Amino acid sequence: MIRRVLEAVPNFSEGRDLRLVAALADAMRRPGVEVLDWSADPDHHRSVITLIGDPEAVEAAVMDAAAVAVEAIDLRRHQGVHPRIGALDVLPFVPLAGMRMDDAVAAAHRVGSRIARELRVPVYWYGAASKPPGRRLAALRRGGFEGLVERTGTERQPDLLPDRWEHAGLHPSAGATCVGARELLLAWNVYVHGVELEDARHIAEAIRETGGGFRGLRALAFRLPRRDAVQISMNLEDLRATTPMAVYRRIEELARERGGTAGETEVIGMMPDELVLSAAVERMRLMEAEEKRLLSRRLARHLTGGGAGTETI
């Protein structure tokens, strides 16, 4: 029997109260679910939790955590550098073993509909779950919760009406939630030293896809006041088309042109194989670095029944 594994990566608008972040993670611990990772950032005022497991168990776990977030997080008192529109701000589902993208979309629609109906929080579909597929988060989160309150439902912005809306208006304290389905991505931050925020914004604009940069790359620049640091915050959505090392090298070049340097790299959530593989190829001149030799990929194929036979010697 093929084991089916679904991943969810909920992003919550809480990064300072670690007891609440722990409560959100604990709400998702149940039979059939494994919480793989969690992180909380006080400057972004945001936490990201990664869980995998049986699809039905993952859906139930996320609903339990969503209820905790709606009860505990009040966006009217929330301030952080990262754009957000909801207590449970973003909820992507990712198909892993034994699952297709259509399955992840169905999970997103089931959970999003429950969030709207049971928690009275409006829901926007994004990624593969939107109609048509491919809606991006940037347009929804521009201006944050406050901006969305002003724009939602106006004659100038009718496209900002939620996709699932069980009552009039956004939730007064929990806002709205973006629920989607997507492939694996790399969420990561690169710290840049010796440059001002405006320079970092120019770097982010130059490297992201919409600015003519790397395919599948979304990038923003932030100053982190609690750490007195400047950061390029990125999502790399197409790991086959763009290597993380190519992006990092370009950030190094652009920072150097502005009298600064690229520094530490911080990965949010789990590390995709391509991150380590591309770095090994670049720095170590790794030979025969083919995807078929990645143990994690071959194991996934084996679990889903797609690994029958052996490689020819």
Among residues of segment 52-67 being among the charged types (D, E, K, R) and touching a helix residue (DSSP H, G or I) at 6+ places or on another chain (Cβ under 8 Å), the residue surrounded by the most Cβ atoms within 10 Å (Cβ to Cβ) is 59
Checking 259, 269, 263 in turn, the sole residue that is surrounded by fewer than 21 Cβ atoms within 10 Å (Cβ to Cβ) and at pLDDT 95 or above turns out to be 259
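I need a count of the residues in segment 2-24 that are surrounded by fewer than 21 Cβ atoms within 10 Å (Cβ to Cβ), assigned to a helix (DSSP H, G or I) and either in contact (Cβ under 8 Å) with a residue 40 or more places away in the chain or not assigned by TED's automatic domain parsing to the domain that holds residue 173 (or both).
Initial filter on segment 2-24 (surrounded by fewer than 21 Cβ atoms within 10 Å (Cβ to Cβ)): 2-5, 16-23.
Applying the additional criterion that residues be assigned to a helix (DSSP H, G or I) yields 18-23.
Subsequent filtering for residues that are either in contact (Cβ under 8 Å) with a residue 40 or more places away in the chain or not assigned by TED's automatic domain parsing to the domain that holds residue 173 (or both) retains 20, 23.
Adding up the residues that qualify gives 2.
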Checked against (1) aliphatic (A, V, I, L, M); (2) closer than 15 Å to residue 14 by Cβ; (3) part of a loop (DSSP other than H, G, I, E, B), residue 90 satisfies every condition except (3)
Notebook entry, point to check: Could you say whether any residue in segment 32-51 is surrounded by fewer than 18 Cβ atoms within 10 Å (Cβ to Cβ), of a type outside the set (A, V, I, L, M, F, W, C), more than 21 Å from residue 187 (Cβ to Cβ) and modelled with pLDDT of 95 or more?
Noted result: no
Checked segment 49-81 for anything closer than 18 Å to residue 104 by Cα, among the β-branched types (Val, Ile, Thr) and without any contact (Cβ under 8 Å) to a residue 60 or more places away in the chain; matches are 49, 52, 58, 62
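Based on what the data block shows, is residue 68 closer than 19 Å to residue 184 by Cβ and at pLDDT 95 or above?
Numbers: closer than 19 Å to residue 184 by Cβ: no; at pLDDT 95 or above: yes.
So residue 68 fails the test.
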Assess whether residue 197 counts as being under 23 Å from residue 220 (Cβ atoms) and at pLDDT below 95. no
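The values are calculated or read from the model by the stated rules, or taken from the named source; none is laboratory data. As the structure is a computational prediction, the values presented were derived from the model and not from experiment. Note that we place each Cβ from the backbone using ideal geometry, even for glycine, and neighbour counts take in every protein chain shown.
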